[in-house]
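Quick notes on the structure that follows.
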């Protein structure tokens, strides 16, 4: 928990968070990283988003907490005027993202350096 709180304070300007709480216990979190983009001839002030670290504690899964948090994340992205939002998903969570409006894109490529 301490590392997440430290990360949030250091990245306050670039990472927006949604936290799900039941009673006084945090049961889920989702993060929207806002990334500035290089100006283009059509738009000089551009940004996109990346959904990061969506997590719901196992005993609270399948209660639409993830869907509710994703709706809040996407609402924030719209408020910020982001061009698009990406997400890198585990196979188990693909259905959640599809339910909230994400679609697969043949234009997105991915270079994975984890574990290399």
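Values quoted throughout were computed directly from the atomic coordinates according to the rules given, and no laboratory measurement underlies them. Predicted, not measured: the structure shown is a model, and the values here were computed from it. No Cβ is skipped: glycine too gets one built from the backbone with ideal geometry, and neighbour counts run over all protein chains shown.
Scanning the range 5-18 for residues that are over 20 Å from residue 56 (Cα atoms) and outside any helix (DSSP H, G or I) gives 11, 12, 13, 14. One residue alone among 37, 42, 46, 24 is under 22 Å from residue 108 (Cα atoms) and surrounded by fewer than 10 Cβ atoms within 10 Å (Cβ to Cβ), and that residue is 42.
Pairing residues of the range 52-71 that are surrounded by 14 or more Cβ atoms within 10 Å (Cβ to Cβ) with residues that are part of a helix (DSSP H, G or I), at Cβ distances under 6 Å and at least 6 apart in sequence or on separate chains, gives 56/65; 56/66; 66/96.
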